[in-house]
Amino acid sequence: MHRKLILLNLLVLVFFTGLSFSNAETIYCKDGKVVKGKITYRSRHSVWLSNELGSLGIGMQNIDKIENDDGSISRYDLRTLYKKSQDYIEKGEYSDAIKLYNILIETLPDDVEIHYLRGILNHKIGEFNEAIKDYDFLIKNEAADAKIFNNLGSIYASKREYREAKKWFARAIKEDSRLVEAYNNIADILLQAGDYKYAIAEYKRVIKLDPHNIEALYNLGVIYMKKGNYVLAKKQWEKVLEIQPEDNEAKNSLEYIKAICQ
């Protein structure tokens, strides 16, 4: 993967959804100094503010925290962003994590790491158009990996734009020839199109890479059933239950086979 890990070792932000940001901030320095003023500019390495004494720049390495004048966290305090965004992600609060990344990108518009993370999260919550924007940015900056290509394929498949979807799945496989999910996705498209011969070949490829892949084993059974080969269909679903005994779809499918074969 070619992502440039620009941000994570440098910046993190404490930010709470719904904070109102004021014009004045208080900067607490690591040496104990406290400086108050209006922040006028922030770079990756320093914060500049103005107050009654004039303009002052403080290096990020010297800052302990930045607060608004009401004591709430300043939007310019980027030092705990990654940790806070990870807390949101662990809780499944993806929209709140995305809000943090939006603020970061205002300051660091070309940071591929944040575009990557925001794209993945927008994908998770179904904001596909927003995800595509970040994925396109990553591709243009040669920072996309197999997961990004596969995700793009999934988006276009959900829109039934199968030709475009297959293009991106193929790109994902070119990037990572052992990406089981991409082979499964191609097989799913072939299954939906009724191209059983090639779908079988793709599902078998998945099973070769991952013998316990439930989706491939089950769908292979579906194809055999559609082709009228109930013996092979039954065999596939029995394999599913060997791996995952409580799989209801496999159980129901076996009951169906049993009923029509009586």
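Computed values, structure above
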| quantity | calculated |
| --- | --- |
| Enumeration of residues in the range 158-187 that are buried (at least 20 other Cβ atoms within 10 Å of the Cβ), farther than 15 Å from D210 by Cβ and either modelled with pLDDT under 95 or within 17 Å of the chain's Cα centre (by Cα) (or both) | W168, F169, A172 |
| Test: residue in the range 121-129 that is crowded, with 17+ Cβ neighbours inside 10 Å and over 25 Å from A172 (Cα atoms) | no |
| In the range 192-216, the residues that are under 26 Å from the mean Cα position of the chain (by Cα) and among the aliphatic types (A, V, I, L, M) | V206, I207, L209, I214, A216 |
| Members of the range 134-146 found to be closer than 20 Å to I105 by Cβ and either in contact with a helix residue (DSSP H, G or I) (Cβ under 8 Å, 6 or more places away or on another chain) or buried (at least 19 other Cβ atoms within 10 Å of the Cβ) (or both), listed by number | D134, Y135, F137, L138, I139, N141, A143, A144, D145 |
| Single residue of E67, E113 found to be among the acidic types (D, E), part of a strand (DSSP E or B) and buried (at least 16 other Cβ atoms within 10 Å of the Cβ) | E67 |
| Yes/no for G92 being modelled with pLDDT of 85 or more and under 30 Å from E142 (Cα atoms) | yes |
| Qualifying residue in the range 90-104 (condition: among the polar types (S, T, N, Q), under 25 Å from V47 (Cα atoms), part of a helix (DSSP H, G or I) and without any contact (Cβ under 8 Å) to a residue 40 or more places away in the chain) | yes |
| Count of residues meeting criterion [assigned to a helix (DSSP H, G or I) and either on the phi > 0 side of the Ramachandran plot or β-branched (V, I, T) (or both)] in the range 123-143 | 2 |
| Tally of residues being basic (K, R) and over 15 Å from L190 (Cβ atoms) across the range 200-230 | 1 |
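One line per residue, one yes/no per condition, for (1) modelled with pLDDT under 85; (2) among the small types (G, A, S); (3) over 31 Å from the mean Cα position of the chain (by Cα):
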position: L53; (1), (2), (3): yes, no, yes
position: I58; (1), (2), (3): no, no, yes
position: L78; (1), (2), (3): yes, no, no
position: K83; (1), (2), (3): yes, no, no
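The values are calculated or read from the model by the stated rules, or taken from the named source; none is laboratory data. Note that the coordinates shown come from a computational prediction; the quantities given were computed from them, not determined experimentally. No Cβ is skipped: glycine too gets one built from the backbone with ideal geometry, and neighbour counts run over all protein chains shown.
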